Amino acid sequence: MALAGSVVELQSSSSIKKKTAVSRSWILLDHDGRGTILDVDKYAIMRLVEIHARDLRILDPLLSYPSTILGREKVIVLNLEHIKAIITADEVLLRDPMDDDVVPIVEELRRRLPRETAAGQGQLGEEEACAQDGEEFPFELRALEVVLEAICSFLDARTRELETATYPALDELTSKISSRNLDRVRKLKSAMTRLTNRVQKIRDELENLLDDDGDMADLYLSRKLTVSSSPASSYNAPNCLYSSPNLGSKIQRSSKASATTVQGENDVEELEMLLEAYFTQIDGTLNKLTTLREYIDDTEDYINIQLDNHRNQLIQLELFLSSGTVCLSIYSLVAAIFGMNIPYTWREGHGYIFKWVVIFSGIACASLFLSIISYARRKGLVGS
């Protein structure tokens, strides 16, 4: 018993170590797409990105939290299905990078996080480089776009797989109602319900963000960082501000105007367009699932109609059998009564009496049976 207890204890400790290893695994991607694997605890993550424990708890895989996109002072916390990430103004922390569903997201982040104009900036003039630099999406919005595209594509792929499996199963069930087909459709319907709930949560989160400009403004980490460091920003101005007096004055005026716009809480147009695009995509996925549910409901209605028809046929058969049984019982009763009570002396020369009693009894019982059937048809109880 002691040996068995120690074995159980070792197994439980090994499972705890596995869970701890999974929960401690992160990958850190910088603005150039370079990745670094981190195996640290939650306290190190909290110190690294300056995040509160309540926000980091949302990303714990051992806890069940709904899909969430939170904008904090210096980070964006993302909990979207299997994607659990922390985005800062110049870095992305992604949990469980070795997971099969997370590996494609890591590769996409590595490909798309580096600025597209960085390679060609050396061939452009400083004025063109500064102009292009202002048109780019901030780092955090580019990372957010990759994550939203990944989760929307993932859920859409799961929906298409479910459609591919469900429609043939429903058609097969329509052609042949069997326990095997019913159980197959039941499992597919359960999977569809779970997937619909997952898609609905993502859609609701995007809708809540779109309805609140303040929440969208909180996702502009670079903007908040620029505003907080604006007094010292003039010392780090690019050379293009001083190469031409006219251009410098224009950019200074535009920088003042942009600073005024940055401080406005409703300047979220580019993020709003980004969220609307993926909201439309996830809404289309939800519409596919809604259409699939309606098809399942229509199939269930059709099957119920078929079952009701079979039930009605059984009821008609039961009516025929019950009516026939009653008539035969009456016929047997009459024959038995006359067969038992005719005197023995009458049997000599009067045998024809019993024969006619049996014949008339049969005709009467048959007439009674036909009368019952015709009455049931007049009342609509039996199909014609």
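Every read-out reported here was derived from the displayed coordinates using simple, explicitly stated rules and does not represent laboratory data. Computed from a prediction, not measured in an experiment: that's the story for all the values here. Glycine also receives a Cβ, built like all others from the backbone with ideal geometry; neighbour counts cover every protein chain displayed.
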Using a Förster radius of 30 Å, what is the FRET efficiency between Ala364 and Leu307 based on their Cβ-Cβ separation? Nearest 0.05, please. 0.20
Of Lys42/Lys74; Lys74/Lys201; Lys42/Lys189; Lys42/Lys187; Lys176/Lys379, pairs whose Cα-Cα distance is over 27 Å: Lys42/Lys189; Lys42/Lys187; Lys176/Lys379
Rounded to whole Å, give me the distance from the Cα center of the range 101-116 to that of the range 20-64. 18
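Provide the net charge surrounding Phe279, with neighbours chosen by a C-beta distance below 9 Å and charges set as Lys +1, Arg +1, Asp -1, Glu -1.
Summing Lys and Arg as +1 and Asp and Glu as -1 gives -2.
With r defined as the distance between the Cβ atoms of Arg57 and Asp298 and R0 fixed at 45 Å, what FRET efficiency is calculated, to the nearest 0.05? Please report the intermediate quantities before stating the final value.
On the way: r = 44 Å, r/R0 = 0.97.
Working from the Cβ atoms, E equals 0.55.
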For the range 138-145, Karplus-derived ³J(HN,Hα) couplings (6.51, -1.76, 1.60; θ = phi - 60°; whole Hz; x for glycine and proline) come out as x, 4, 5, 6, 5, 5, 5, 5
Viscosity 1.306 mPa s, 10 °C: Kirkwood-radius Stokes-Einstein D of the range 25-93 over Cα pairs, µm²/s: 129
Taking the Cα centroid of the range 309-335 and of the range 165-223, what is the distance between the two, rounded to the nearest whole Å? 51
